[in-house]
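Novice: The structure is given below, and queries will be raised subsequently.
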Amino acid sequence: MLMELKLTGNPKTQSDLTCLWCGFRTTTDREQSSFELKYSNKEHVFPESIGGNQKLLAGDVCEECNNKLSFLDKSLKTNNSMMRFSLQGDHLIKGKKTTNKQRIERRKAERIEISDPTGKSIVRRDREKKKTEIINPAPEGYDLDFTRAIHKCIANAICFEKGTLFVSENYPELIDFVLNGTNPNDWSYAVSYQGYREMLSVTPQITDFAYREYSKDRSETIFVAFMHTSGIWLACSHPNAMDVILIEKMSKIILDDDGLHQTQFKKQFGYKIEDIFNSPVMSGSPRTLIGKINFLWIKKNMEGIPNPKDHFHLLTKCQVCGQINPTHINIPKSTIITKNQFNGKQYSKNSWNSYTKDDLIKKGFITEKWSEENWNNQLNVGISTPPGYDIKNLKITRIKIDCINCKNIIQFDAKDCFL
C-alpha cells in the first residue's frame, strides 16, 4: 500500500557528523580534519546549477565527496533537454557563485546557446524576442549520469528530513547507485514536464514524500517528488520499485486539492499544478503518458538476445517504458534476404537483429576485397526488407505480451512491429 508521508516541517537540525556517501566521520572544523575525520561544509539538497538553495547540515557530506560527485550536478544541468531549456528561460537560476572569469563568460554564453558534448547546438535563446527554443531535439532516453544525479537529489531529500545514518542504514543500494552507477537497469525515474508557453520560475523543492511498507526484514521504500522549472521529477529509494500504478498514485497525491503544495502553487502562480506540468513535448515518440499530469517513465532498455542464424526476431516497442520487445514471432531470413533490396524498407539498428557475413553475401555484396572496416560498417546497420515486403501486411492483430522490462501488458498489431 502506498501512503503519503507528510513532511515534518521540522527537518533534522543536528548532523550525524557522518558523510552520506563515504561513511567517514566528519568535522565542521577544517583544522581538526584528518585522513579518518573528513572536513564537511554545507551541501545543497538540489544543486545550485539548477537553482537549488536549500542545504543539508554541515557535517552531512564531506568536502571530498562533494567535489567527487560534482560531475553529477553538472549532468543534471546539461544531460536533459528541458533542464537546459529551463536554464535559459528561468532568470532565477544563477548557478554557483564564482569570480572565475572563464566560468562567468561560459555562463553568459550558455544563456544564449547551449550545446551537447559533441558541440551540436541544442537550446538557443533570442533575447530580443525573449524566446527560447530547442534546436535538434532528440528523443528522451535513459542517461546514466543524469539518472544518478536525480537519485542523488532523492538521497539528499531523504537525508534532509531523516539524517545521513538513516539513509546509509536503510538504503545502501541507493548510495551505491549514486556513487558507482551499479545495476542501472534497476533504477528509473518519471517526469512531468512543464509546458513551453507557461514557463514559470520554480525553485527546486520537495513536493511530496510517500512510502510503501514492507515486512520487517526490509525498510520502507520512499518515493520522492520534487518540483522545478523544468518539471516534476519522481524517483524512489529502492531498485525496481517504480511501476505504473505507483506513478499514478503519486500523481494523485501531488494533485490533491487539499494538499499543501497544490494550495501554495495556486496562491503563488494562479494556476493548478496540472495546468502547467502536463507537457508531453519531450517524449520524442508516441509514448503512453501516466497519470493526470502526463508522467513520462524513463527506464533503461534491456539489451536484446541476438537472433539465430536462420531467422530474425519480429519486434515491438512498449509504449510505457520504451523497451524493445521480442514478439515471439520469427521471420525466416529466406523471406527477407534477397539481392534486390533497392528501395526497400530500412530499419534502425538494434541489439536484437543483425546480419552475419553469409547474409551479406546472399544480399549480393562483392566482399572479396573488403577490409575489416568494410565488414564492420555493413554488419552494424539495421535490417532491410526487399521492395513489396511490408511487415505491416502480416496477419497479426491484437496479440498481447508482457514487457520484458516494466512488465506492462503490450497489445500490438502488425502496424506496431519492426525488425
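The values are calculated or read from the model by the stated rules, or taken from the named source; none is laboratory data. Computed from a predicted structure; not experimentally measured. We place every Cβ from the backbone using ideal geometry, glycine too, and count neighbours over all the protein chains shown.
Novice: Looking at ARG124, ARG106, which one is modelled with pLDDT under 60, more than 22 Å from the chain's Cα centre (by Cα) and assigned to a helix (DSSP H, G or I)?
Specialist: ARG106
Novice: Could we say that LEU379 is surrounded by fewer than 16 Cβ atoms within 10 Å (Cβ to Cβ), in contact with a Phe, Trp or Tyr (Cβ under 6 Å, 6 or more places away or on another chain) and either acidic (Asp, Glu) or at pLDDT below 95 (or both) here?
Specialist: Yes; evaluated as a whole, the condition is true for this residue.
Novice: Can you tell me which residue in the stretch 384-399 is nearest to LEU314 (Cα to Cα), limited to those that are surrounded by fewer than 12 Cβ atoms within 10 Å (Cβ to Cβ) and basic (Lys, Arg)?
Specialist: Only one residue tops the list, namely LYS395.
Novice: Answer yes if at least one residue in the stretch 353-364 is β-branched (Val, Ile, Thr) and in contact with an Asp or Glu (Cβ under 7 Å, 6 or more places away or on another chain), and no otherwise.
Specialist: no
Novice: A follow-up question, please. What pairs come out if I take residues in the stretch 234-247 that are under 23 Å from LYS162 (Cα atoms) and pair them with residues that are surrounded by 18 or more Cβ atoms within 10 Å (Cβ to Cβ) and among the polar types (S, T, N, Q) whose C-beta lies under 6 Å away, six or more apart or interchain?
Specialist: Here the result reads CYS236/THR221; SER237/THR221; HIS238/THR221; ALA241/THR221; MET242/SER188, each pair linking the stretch 234-247 to a residue that is surrounded by 18 or more Cβ atoms within 10 Å (Cβ to Cβ) and among the polar types (S, T, N, Q).
Novice: Same structure, new question: Given the options GLU213, GLU248, name the one that is modelled with pLDDT of 85 or more, in the same structural domain as PHE177 (by TED's automatic domain parsing), out of contact with any helix residue (DSSP H, G or I) (no Cβ under 9 Å at 6 or more places or on another chain) and under 30 Å from CYS403 (Cβ atoms).
Specialist: That would be GLU248, the only listed residue that is modelled with pLDDT of 85 or more, in the same structural domain as PHE177 (by TED's automatic domain parsing), out of contact with any helix residue (DSSP H, G or I) (no Cβ under 9 Å at 6 or more places or on another chain) and under 30 Å from CYS403 (Cβ atoms).
Novice: A further question on this structure: Right, PHE46: at pLDDT below 95, under 24 Å from the mean Cα position of the chain (by Cα), assigned to a helix (DSSP H, G or I) and among the aromatic types (Phe, Trp, Tyr) or not?
Specialist: So PHE46 does not fit the description; no.
Novice: Also, quick follow-up: Which fully enclosed strands (runs of 3 or more DSSP E) of the stretch 314-419 have 1 or more residues being over 26 Å from ASN294 (Cβ atoms) and under 27 Å from the mean Cα position of the chain (by Cα)?
Specialist: Once the strands (runs of 3 or more DSSP E) in the stretch 314-419 are filtered for at least 1 residues that are over 26 Å from ASN294 (Cβ atoms) and under 27 Å from the mean Cα position of the chain (by Cα), what remains is 324-332.
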